[in-house]
Amino acid sequence: MSKYQNILNEPNLLDLSKKIFNAALNEDFYTENKKIPLSSSLYEAENINFIIADGLGSKNIEETDSFFNKYNAGSVNSTFPSSTNVALSTVNLVDQPINTGMLGYFQFDKNKYGLINALNWSQESEKMLEDDFFKKNKTIWTVLKEKNIFANNVQPKDLENSALSKYIYKDSHQINYKDEDDLIDLVKNSSLLENRFNFIYYPKIDIAAHLFGVGSNEWQKELEIFEGVIETINESNVRKTYTIISADHGLLNVDNESRYYLEYPDTVEIFGDQRAVYANGTEEEIKKVFEKVPGEFLPNDQLQLFLGQSEGEYMERLVPDFCFLVDKGNIIFPKHLKADLVGYHGGLTEEEMKIPLIEFSNF
């Protein structure tokens with residue numbers, strides 16, 4: 001049995017999304033395979049708010065005195081890799097990464113586009129999203145629209161026209177906010193929250209964790225600001241409302257002595273995430289690249305269990321030849337990444353994978 005079997009058997013962000021969206025749709029539209037310990041208020045509510053706080057890992061907030069701990073009903077696992085674009089695509093397309101086409105922070109298209117930043121797509125590489133593989137995917141927003149269910153998608157303004165947003169939020173009624181003050185002003189308008197379903201994405205906790213580290217003063221301040229946003233949302237509800245807060249992933253801090261800068265020939269491609277690293281090339285070349293990095297190769301059959309099994313030929317362009325899992329507390333730097341951060345994610349540790357189920361209801 002795989003050492004990762006426990007993770008694979010536990011409920012994850014996809015399971016959580018199915019449960020929430022089935023409640024919003026008031027039907028068993030998506031097949032639910034795993035139990036998630038949410039309150040029955042989810043099914044009794046007139047309005048449902050689903051909030052993703054980027055980087056708000058369960059293990060991260062357990063070490064604080066945040067009032068979120070009081071309302072935490074448990075946790076589920078993030079996607080693999082535990083990366084923002086993979087997680088958000090899974091939520092909004094309600095499918096496994098192999099079917100959303102989002103397999104990591106950086107992807108590599110073997111046929112045409114080469115190395116792709118799959119969070120901040122270049123003008124050239126975003127043309128890949130015009131392929132029928134991506135265009136045929138149906139978002140939850142398309143489903144809600146088809147069923148005449150009123151829903152809002154509340155996003156940071158600077159993400160409004162990104163390639164990823166246009167893909168995963170297709171057919172959504174998108175409302176944008178400039179900063180947390182603007183978001184608070186928005187949610188104080190009770191008409192915003194009177195829709196059957198509202199999705200809110202909040203990125204600033206993740207940014208603080210990357211730059212300053214989990215547990216830093218800057219991170220703590222961003223957590224407290226987000227708590228204020230949630231308090232405002234709870235006070236602004238006028239109908240029977242259920243709010244669930246979760247995350248795309250958590251983070252862990254990496255010290256300066258645990259950073260590995262990779263050297264590799266042009267015949268090797270390194271991509272994916274810095275803790276769940278994808279590689280294309282021969283086995284001999286790849287093993288030489290990682291010989292001094294603490295970690296292990298994830299067998300391809302196990303990688304397939306995490307990403308899902310492809311039923312078409314298209315994803316053969318994007319599926320990596322190898323996946324290397326960097327040990328906890330360590331990080332790699334491929335040639336295309338130079339930013340020296342403090343907090344990182346992407347791997348399979350509890351700090352990265354465990355995301356909370358924070359529930360509020362006003363009835």
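The values are calculated or read from the model by the stated rules, or taken from the named source; none is laboratory data. What you are looking at is a predicted structure, and each value in this text was computed from that prediction instead of being measured. Virtual Cβ from ideal backbone geometry, glycine too; neighbours counted across all protein chains shown. Each accessible area value is taken on the protein alone, full model and side chains, heavy atoms only, with ligands, DNA and RNA left out. Shrake-Rupley method; radii C 1.70, N 1.55, O 1.52, S 1.80 Å.
Put simply, of Ser191, Ser122 the only residue that is surrounded by fewer than 18 Cβ atoms within 10 Å (Cβ to Cβ), more than 30 Å from Ser310 (Cα to Cα), among the hydroxyl-bearing types (Ser, Thr, Tyr) and modelled with pLDDT under 95 is Ser191.
Annotation: of all residues in the stretch 307-325 being under 20 Å from the mean Cα position of the chain (by Cα) and open to solvent by 40 Å² or more (accessible area, probe 1.4 Å), the one that is modelled with the highest pLDDT is Val319. Residues in the stretch 55-85 that are without any contact (Cβ under 8 Å) to a residue 12 or more places away in the chain and more than 22 Å from Ala208 (Cα to Cα): Lys70 alone. More than 24 Å from the chain's Cα centre (by Cα), within 23 Å of Ala73 (Cβ to Cβ), surrounded by fewer than 20 Cβ atoms within 10 Å (Cβ to Cβ) and not acidic (Asp, Glu): is that true of Lys240 in this structure? Yes: the conditions hold for Lys240. For the stretch 158-169, indicate whether the set of residues that are open to solvent by 10 Å² or more (accessible area, probe 1.4 Å) and under 26 Å from Asn26 (Cβ atoms) is non-empty. Within the stretch 158-169 (the criterion being open to solvent by 10 Å² or more (accessible area, probe 1.4 Å) and under 26 Å from Asn26 (Cβ atoms)), the answer is yes, since at least one residue qualifies. Note on the stretch 22-56: among residues that are touching a Lys or Arg at 6+ places or on another chain (Cβ under 6 Å) and more than 17 Å from Ile149 (Cβ to Cβ), the one that is surrounded by the fewest Cβ atoms within 10 Å (Cβ to Cβ) is Glu32. Confirm whether Lys19 is free of Cβ contacts under 8 Å to residues at least 24 places away in the same chain, open to solvent by less than 50 Å² (accessible area, probe 1.4 Å), not aromatic (Phe, Trp, Tyr) and not in a loop (DSSP other than H, G, I, E, B). For Lys19, the condition - free of Cβ contacts under 8 Å to residues at least 24 places away in the same chain, open to solvent by less than 50 Å² (accessible area, probe 1.4 Å), not aromatic (Phe, Trp, Tyr) and not in a loop (DSSP other than H, G, I, E, B) - is met. Across the stretch 112-164, what is the total count of residues that are out of contact with any strand residue (DSSP E or B) (no Cβ under 7 Å at 6 or more places or on another chain) and not in a helix (DSSP H, G or I)? Looking only at that region, the number is 18.
The residues of the stretch 108-147 that are among the charged types (D, E, K, R) and either out of contact with any Phe, Trp or Tyr (no Cβ under 8 Å at 6 or more places or on another chain) or at positive phi (or both), listed by number, are Asp109, Lys110, Lys112, Glu126, Glu130, Asp132, Lys135, Lys136, Lys138, Lys145, Glu146, Lys147.
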